[in-house]
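Beneath this line is the structure, given in structure tokens, with notes to follow.
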Amino acid sequence: QVQLVESGGGLVQPGGSLRLSCTASGTIFSLYVMGWYRQAPGKQRELVASIRSAGNTNYADSVKGRFTISRDNAKNTGYLQMNSLKPEDTAVYYCNLIGTTIAYWGQGTQVTVSS
């Protein structure tokens, strides 16, 4: 059974930083594209960033230059370093693994940016 467990969310002041982690079990992590999505109240879930196994990355325009996605295939873990956080970054953040025919989701971790 595949499980994705996110951690690292919390409450941070505007301008602060957080680092999210996503650890996978029950599958070969390196086979998948890993993505971070977020969903704010009343809004649709949106892609924040993604990274291929070889390290190619993609970012939403709203987070470019502030967020960095990375992965350690040996540890079955992916990361999202979030700097210069803004109140509009407040959302539940979800980790996602995408294969050729299947996708897996984590349970989500809350990020709240507020003074």
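Taking springs between alpha-carbon atoms closer than 10 angstrom, which of 41, 14, 87 fluctuates most in the Gaussian network model of the chain?
Of 41, 14, 87, the most mobile in the Gaussian network model is 41.
How much net charge surrounds residue 31 when only the other residues with a Cβ under 13 Å from the Cβ of residue 31 are counted, with Lys and Arg +1 and Asp and Glu -1?
Once positives and negatives cancel, what remains is +2.
Skip the ligands, DNA and RNA, and give the accessible area per residue of the chain with a 1.4 Å probe, whole Å².
The answer is 53 Å² per residue.
Roughly what would the spin-label model give for residue 98 and residue 52, points 7 Å off Cα along C-beta, in nm?
Computed distance between label sites residue 98 and residue 52 equals 1.2 nm.
The values are calculated or read from the model by the stated rules, or taken from the named source; none is laboratory data. None of these values were measured; they are calculated from a predicted model. Heads up, the Cβs are rebuilt from the backbone with ideal geometry, glycines too, and the neighbour counts pull from every protein chain shown. Keep in mind that these areas ignore ligands, DNA and RNA; they rest on the heavy atoms of the full protein, side chains included. Shrake-Rupley method; radii C 1.70, N 1.55, O 1.52, S 1.80 Å.
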